[in-house]
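The values are calculated or read from the model by the stated rules, or taken from the named source; none is laboratory data. All values reported here derive from a predicted model rather than from experimental measurement. For neighbour counting, all protein chains shown are included, and Cβ atoms are generated from backbone atoms with ideal geometry for every residue, glycine included. Note: areas computed on protein heavy atoms with side chains; ligands, DNA, RNA excluded. Shrake-Rupley method; radii C 1.70, N 1.55, O 1.52, S 1.80 Å.
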Amino acid sequence: MVQVNTSKLFLRFRFKKQGSLQYISHLDLVRTMHKVIVRAKLPLWYTEGFNPKPKMIFAAPLSIGTESECEFMDIRMNEYIDPAEAMARINANMTSEMQIYEAYYPESKFTDLKWMSYRITVSSLGDPDQLAQRCNSLFASDTIEVPKKNSEQTVNIRPLIKSACATRAGKNIVIDTILSADPSAFLNPEYVIKALRDKCGMLTSPDLTAEHYEILRLNAYFGDMTEFR
Amino acid sequence: MHNKNISSVLKSVSKPGRYIGGEFNSVIKNKEEVGVRFAFCFPDTYEIGMSNLGVRILYDVLNKDKDVWCERVYAPWTDMKEKMEEYSIPLSAVESGDSLDKFDLVAFSLQYEMCYTTTLAMLKLAGFPIWAKDRAEDCPIIIGGGPCVYNSEPVAEFFDLINIGEGEEVLLEICHLYKQMKEDGSYTRSAFLRAASHIEGVYIPSLYEVAYNEDGTLKEYKPLFDDVPAKIKKRIVADMDKAPYPEKLVMPYIETVHDRIVLEIYRGCIRGCRFCQAGMVYRPIREKSVETLCKQAKCLYDNTGYDEISLISLSISDYSSLPELTDSLLEWTDASHVSLSLPSLRIDSFSEELMKKVSSVRTGGITFAPEAGTQRLRDVINKNVCEEDLMRSVGIAFRGGKSNVKLYFMNGLPTETDEDIIGISDLAKKVVGQYFALPKPERPKGLGVTVSVSCFVPKPFTPFQWEKQDTFDELIRKQELLKSAITDRRIKYAYHDAKVSFIEAVLARGDRRLAPAIAYLADKGQMFDAWDEYFNYDLWIEAFEKCGIDPAFYTSRGFGLDEVLPWDIIDIGVTKSFLRRERDKAYEGKTTPSCAEHCSGCGANKLGGNNRWCK
Ligand code: SF4
C-alpha cells in the first residue's frame, strides 16, 4: 500500500455540473454530495461530537443558473483509497449531468485558486456583429460600474476581469472571459450580465423566449495563469 | 430533455430545482416499450410531494411492473404557473418532460381537502376538462386516491375513477385491465370504466345516480346498472411482510420536507380516538416483522445515503416489538452515523430508555398530544391518557435535556365546556411547574412550552361523524377564552385559523352539490389553499353563495343519526353500528380499550389481513 500522510488526508475531485443541474444551489449541492459519498462507501473521515459529519470543502461556489465543466471538492478520508477507485464509485452514484473526471491527492489549497474562465452565450435581439462590437468596446474601457446586489451603490468590476472578448457565433454572441476567483475578490459572472444589460442594452426584453443567456464555467487557474490543480 | 422555452423560464422562477427532475434513482424507461404510461400527480409543491410515503411506495410498485412506466408530476408554484400560461407550456411529468396528454392514466393523490383547488388547477394546466363528463374519448383516465377519498363526493365528478383504500394491488389491476382492453381492441372510455367498476376498491362516480330529499338531505345512491356494486369496499394489503416496499428512493436535489428514510412500521391503529379518521379508515392493524423492517432499513440506507431513519405509523409506541426493533437498528445505525427518529410517540409510553435511543443526535423539542384539557373530555374522545402520564413524560423529557415541549390540543370537541378550555391552560401551567420542580442544575436551559390548538372537524368514518362543528363565532370565542386564560409568558399559544377549519369541514363532509363551488374557485385561478398566503376565505364564501350552497348545512347543522351520509357508499370495514356505539359511549364518558387489550368488534376484521388482534 502506498504510504501517505494520513493526518489530514484530503482527496480532490474535479467534476462537471451541467444541464439542468445548473439550477441546483450550492447548499443543495453540498447536501446531495453528502449522500453521494455515503452511498459510494468511501472511507470517510467524520467530525467528532454529537452530530458527526464528513468533511467536504468546495472551491468557488457556483451560483444558480451557471453550468460548469470545472468544479472542485476536497473530501477528507480516514485512510488511503485509490483516487481512480474513489472516482468510479462516486460516479456510479451520480447522474450523467454531474460526473467526476479527475481525482487526486492535491498539493495546493483552494485559496491558491485565483482566476476562472467562463463562456457566456447570449441570444439577443439586434444585429449580433454590432452587439459583439458594443461588448468589446465596453470591455476596452477602464471602468465598468455596476450596481451592487441589493444596494444603491455601484462597484467597478473592470479590475476583476482579466480578459474578455466577444465574438459572433451565428445569431448569438459568445463572450470568453477570465474573472477573478480569489476568495477575497470573487467576481460572479452575473455581474458581467448586469453590465451587458445596463451598458450595452442587451437582455432587456421581458420576453424570455426572445432573449436569454447561458453561462459555462470552463477552467481554473493559479495566480500565474497555470492551470489550477 | 426540456426545450428552450422551459430552460429560459427556469431562470426566472423561484426554486427552479423543483422542476428539473433527473434525480438519482428516478426511473427512466423506454416509452415505446411500455404498455401503460402512468402519471402520478401530487397536488402540492415538489418538496411536499417528494416527502409523501404513499407516493414513494406506489411509484415503486408501478415501476416494478415492466409494462408500466410511472412518472411524477407536481403542482408548479404560482410564479411558474404564470410563466406556463404566458408561454403556453403545458404541465409535464418530471421524468420524461412529456405533457400529460401523452399518458394513459393520470392519478392524483388527495392528501388533504385543501388540495382540491390545486388538483383542478393542474387539470387545467394539463389542458384537460375538469369535469369527467366533458372528457373526450382520447383523454387520459383521471384517477383519484389517497385519504380524502373516503369521502370523495365533493370532487367525485372531477374524476373518472377513484381508488378506495390502499393502492398497491388495485392500481396494478387497473393498469392491466387498461392494457388488456387496449390490446384486444375492446377499449372505449365507458367500457373500460364499467369493467373497472368490478375491481374491488374501485369507485366510478359516473355510474351512480344521487337523489336528494326535499329538506336537502341525501336520499340514496343508485348504481345505474345491476353489475355495478352498491357499495365500494376498501382494499387493503393483507400481509405487510410480503407487501412491496421501495428498495430505493428518488433522491431530490433540493431539500424536501421529510428528507430522510421513512420506515413504515405498521398500518392501522389499535387505539380508537373518536375524532381520528386515520385510526378508523386504516383498520385493521397490520404489523411488519422486525426482520422485514431491519432488511428494509439497511437496504434503503445503502441505496440513499440518508443519515436519518424515521420510524412511522399512527402511534409508533404501540408497535408490539419496538424495543427489539430499535435495538436491532442501533446495531449498525450508530456506527454508520445514522440517527433514528420516532415522530409519533404516545404520552403513556414515553420512557427514558426510548429517548436515549432516539435522541443521541437530536436535542431540543418534543411533542405530546393530550388533545383535551380535562380528563372528562379526554374520556369522551377516548384518548386514554391521563395527567400523570403527561407529567411523568415531560419530567423525563426535561431531565433528558429537552427544554421545548409542544402540546397539541383540539377546540370544539363534542360536549366541550369552558371548563375544558381552561383545563388546557391549567395543564400547560402544570408542565411549567414540572420543569421548576427539578433541582436547578438538572433543568435544561431555555424552557419553552407551546400550546398548539386546532379546531375540531367532525370527520367521516369516525364516531363523531354525525356531530356538529362549532360555529365560526363559537370557535373564535373559545380561542379568545383560552388566550386570556394563558397568562404565563413562558407558555406560547398557537391556534389554527378557524376559517380554514370551517372550509375543511365543509369539504370533508360535503356531497356532490359542492363540486360547482370548487370549480368556481378553480376558474378564478385559485390554488394552494393549504398555504396560508393563498387561502382565500372570502372567495370560498362567494363561491358557496354563487352556487346556492349553505355551508352550515354541512357543519353546524350536524347530521341526523338516520340520515344517509355522503360517504355511506363506501365500506371501510368498520361498521356504522360500531361507530354509533362509540358515539353513545362518548356521551356517557365511557372509554373503549385498545385492540391490544380487547377486540371491540369494529368490523374491520372482515377485510382479512394478517394481524394478531382481530377476532
Ligand atoms: S376487529 Fe377488533 S381488534 Fe380488529 S380492528 Fe376492529 S376492534 Fe380492533
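Read phi for every residue in region B:161-174 and hand back ³J(HN,Hα) as whole Hz from Karplus 6.51 cos²θ - 1.76 cosθ + 1.60, θ = phi - 60°, with x for Gly and Pro.
Karplus-based 3J(HN,Hα) across region B:161-174 equals 8, 10, 9, 9, x, 6, x, 3, 8, 4, 4, 5, 4, 5 Hz.
Among the lysines in region B:271-384, how many pairs, 8 or more places apart or on different chains, have alpha carbons under 22 Å apart? Mind showing how you got there, number by number?
Working: B:288/B:298; B:288/B:357; B:295/B:357; B:298/B:356; B:298/B:357.
So the count of such lysine pairs works out to 5.
Please sort by residue number the GluC sites (Glu not before Pro) in region B:221-312 whose DSSP state is loop and whose Cβ has at most 16 other Cβ atoms within 10 Å. Walk me through the intermediate numbers first.
Working: sites: B:247, B:255, B:264, B:287, B:291, B:308; in loops: B:247, B:255.
Those that pass, being in a loop and sparsely packed, are B:247, B:255.
What is the extension gain from residue B:598 to residue B:450, computed as 0.36 nm multiplied by their sequence separation minus the C-alpha to C-alpha distance, in nm to one decimal?
49.8 nm
Report in % the part of the accessible area of chain B that belongs to carbon and sulfur, leaving out ligands and nucleic acids; probe 1.4 Å. Kindly include the intermediate steps, with their values, before the conclusion.
Numbers: 11580 of 23260 Å².
Ligands and nucleic acids excluded, carbon and sulfur reach 50 percent.
Determine, from the Cβ-Cβ distance of residue B:317 and residue B:476 and an R0 of 51 Å, the FRET efficiency 1/(1 + (r/R0)^6), rounded to the nearest 0.05. Working shown, then result.
On the way: r = 35 Å, r/R0 = 0.69.
Approximately 0.90, to the nearest 0.05.
If I ignore ligands, DNA and RNA and count only protein heavy atoms, how much of residue A:204 is accessible to a 1.4 Å probe, in Å² to the nearest 10?
Here the accessible area works out near 90 Å².
Students sometimes get this wrong: rank B:487, B:292 by accessible area, probe 1.4 Å, all chains present, largest first. Numbers along the way, then the final one.
Details: B:487 110, B:292 20 Å².
Ranked from most to least accessible, the order is B:487, B:292.
Do any residues of region B:7-27 show a loss of at least 10 square angstrom of accessible area between the isolated chain and the full protein assembly, using a 1.4 Å probe, and if so which?
The answer is B:7, B:8, B:10, B:11, B:12, B:16, B:17, B:20, B:22, B:24.
For the protein assembly as shown, give me the percentage of DSSP beta bridges that are antiparallel, rounded to the nearest 5 percent.
On the way: 61 of 110 bridges.
For the protein assembly as shown, the DSSP antiparallel bridge percentage is about 55.
Using Cα pairs under 8 angstrom and six or more residues apart, how large is the relative contact order of region A:9-107, in percent?
Details: 172 pairs, mean separation 49.6, N = 99.
Worked out over region A:9-107, it gives 50 percent.
Label 7 Å along Cα→Cβ of residue B:136; region B:153-188 residues with amide nitrogen under 19 Å?
B:160, B:187-188
Once fully extended, how much extra length lies between residue B:577 and residue B:352, figured as 0.36 nm per residue of separation less the alpha-carbon to alpha-carbon distance? Mind showing how you got there, number by number?
On the way: separation 225, 0.36 × 225 = 81.00 nm, distance 4.08 nm.
Value of the extension gain: 76.9 nm.
Considering only protein heavy atoms, with the full assembly of protein chains and a 1.4 angstrom probe, order B:328, A:96 by accessible area, largest first. List each step's numbers first, then the result.
Numbers: B:328 30, A:96 90 Å².
The residues order as A:96, B:328, largest area first.
With a 1.4 Å probe and all protein chains in place, put B:489, B:512 in order of accessible area, largest first. All intermediate terms of the calculation are to be shown ahead of the outcome.
Numbers: B:489 220, B:512 25 Å².
Correct descending sequence by accessible area is B:489, B:512.
Report the antiparallel proportion of the DSSP beta bridges in chain B as a percent, rounded to a multiple of 5. Write out the running numbers ahead of the final one.
Details: 12 of 58 bridges.
Given both bridge residues lie in chain B, the antiparallel proportion sits at roughly 20 percent.
Return one number: the angle in degrees, 0 to 90 and rounded to the nearest 10, between the long axis of the Cα atoms of helix A:190-200 and the longest principal axis of the Cα atoms of chain A.
Taking Cα atoms only, the helix is inclined about 0 degrees.
Considering only region B:26-178, what is the antiparallel percent among its DSSP beta bridges, to the nearest 5?
Values: 1 of 19 bridges.
Percent antiparallel among DSSP bridges in region B:26-178 is about 5.
For peptide A:208-218, how many partner chain Cβ atoms fall within 10 Å of a residue's Cβ, on average? Before the final figure, lay out each step's value.
Values: counts 11, 6, 1, 1, 7, 2, 3, 0, 0, 0, 0.
If you average over the peptide's residues, the count of other-chain Cβ atoms is 3.
Among residues other than residue B:550 whose Cβ falls under 11 Å from its Cβ, what is the net charge (Lys/Arg +1, Asp/Glu -1)? Present the calculation step by step, with values, prior to reporting the outcome.
Numbers: positive: B:513, B:557; negative: B:545.
Summing Lys/Arg as +1 and Asp/Glu as -1 gives +1.
Just to be sure I understand the model, the point goes 7 Å from the Cα along the line to the Cβ. What's the resulting residue A:57 to residue A:102 distance in nm?
It is 1.8 nm.
How much solvent-accessible surface does residue B:260 expose, in Å² to the nearest 10, with a 1.4 Å probe and all protein chains in place?
Here the residue's solvent-accessible area equals roughly 50 Å².
How far is helix B:53-64 tilted off the main Cα axis of chain B, in degrees rounded to 10, range 0 to 90?
40
Taking 22 Å as R0, compute the FRET efficiency from the Cβ-Cβ separation of residue B:64 and residue B:189 and round it to 0.05. Spell out each step's value before the answer.
Numbers: r = 27 Å, r/R0 = 1.25.
It comes to 0.20.
Could you let me know the centre-to-centre spacing of region A:29-80 and region A:103-177, using Cα atoms, in angstrom?
29
Run the simple label-point estimate for residue B:98 and residue A:136 please: 7 Å along Cα→C-beta, distance reported in nm.
Result: 4.8 nm between the two label points.
Rounded to whole Å, give me the distance from the Cα center of region B:290-333 to that of region B:494-527.
Rounded to whole Å, the Cα centres lie 38 Å apart.
Please find the FRET efficiency linking residue A:165 to residue B:532, where r is the Cβ-Cβ separation and R0 is fixed at 56 Å, and quote it to the nearest 0.05. Walk me through the numbers before you get to the answer.
Values: r = 51 Å, r/R0 = 0.91.
Computed FRET efficiency for residue A:165 and residue B:532: 0.65.
Can you list the trypsin sites (Lys or Arg not before Pro) in region B:48-96 that are in a DSSP coil and have 11 or fewer other beta carbons within 10 angstrom?
Values: sites: B:56, B:64, B:66, B:72, B:81, B:83; in loops: B:66.
Passing sites in region B:48-96 are B:66.
Hey, what do the phi angles of region A:205-218 turn into as Karplus ³J(HN,Hα) couplings, whole Hz, using 6.51/-1.76/1.60 and θ = phi - 60°, x for Gly and Pro?
So the J values, rounded to whole Hz, are 6, x, 7, 5, 7, 7, 9, 7, 9, 10, 10, 10, 7, 9.
Counting only the heavy atoms of the protein chains, how much of residue B:258 is accessible to a 1.4 Å probe, in Å² to the nearest 10?
In the full protein context, residue B:258 sits at about 80 Å².
For region B:96-137 and region B:174-208, what is the centre-to-centre distance using only Cα atoms, to the nearest Å?
Answer, in whole Å: 18.
Cβ under 15 Å from residue B:439's Cβ, residue B:439 left aside: what net charge do those residues give with Lys, Arg +1 and Asp, Glu -1? Kindly include the intermediate steps, with their values, before the conclusion.
Values: positive: B:399, B:440, B:443, B:445; negative: B:442.
Net local charge, residue B:439 excluded: +3.
With +1 on each Lys and Arg Cβ and -1 on each Asp and Glu Cβ, how big is the dipole of region A:113-221 about its Cα centre, in debye rounded to the nearest 20? Show your work: numbers first, answer last.
Working: 13 positive and 12 negative charges, 52 e Å.
Magnitude of the dipole: close to 240 debye.
Considering all alpha-carbon pairs of region B:218-285, what whole percent are spaced by more than 17 angstrom?
Percentage above 17 Å: 68.
Which whole-number percentage describes the relative contact order of chain B, with Cα contacts under 8 Å and a sequence gap of 6 or more? Let's see the in-between values first.
Details: 1119 pairs, mean separation 89.3, N = 615.
The value is 15 percent.
Counting other C-beta atoms within 10 Å, and keeping those with at most 13, which DSSP coil GluC sites (Glu not before Pro) do you find in region B:130-237? Show your work: numbers first, answer last.
Values: sites: B:137, B:157, B:166, B:168, B:169, B:173, B:183, B:200, B:209, B:214, B:220; in loops: B:137, B:157, B:166, B:200, B:214.
Sparse-neighbourhood loop GluC sites (Glu not before Pro): B:137, B:214.
Roughly what would the spin-label model give for residue B:176 and residue B:53, points 7 Å off Cα along C-beta, in nm?
With each label placed 7 Å out from Cα toward Cβ, I get 2.7 nm.
Under the Karplus relation 6.51 cos²θ - 1.76 cosθ + 1.60, θ = phi - 60°, what is the ordered set of whole-Hz ³J(HN,Hα) values for region B:255-270, x standing for Gly and Pro?
6, 10, 5, 10, 8, 6, 6, 10, 10, 7, 8, 7, 10, x, 7, 7
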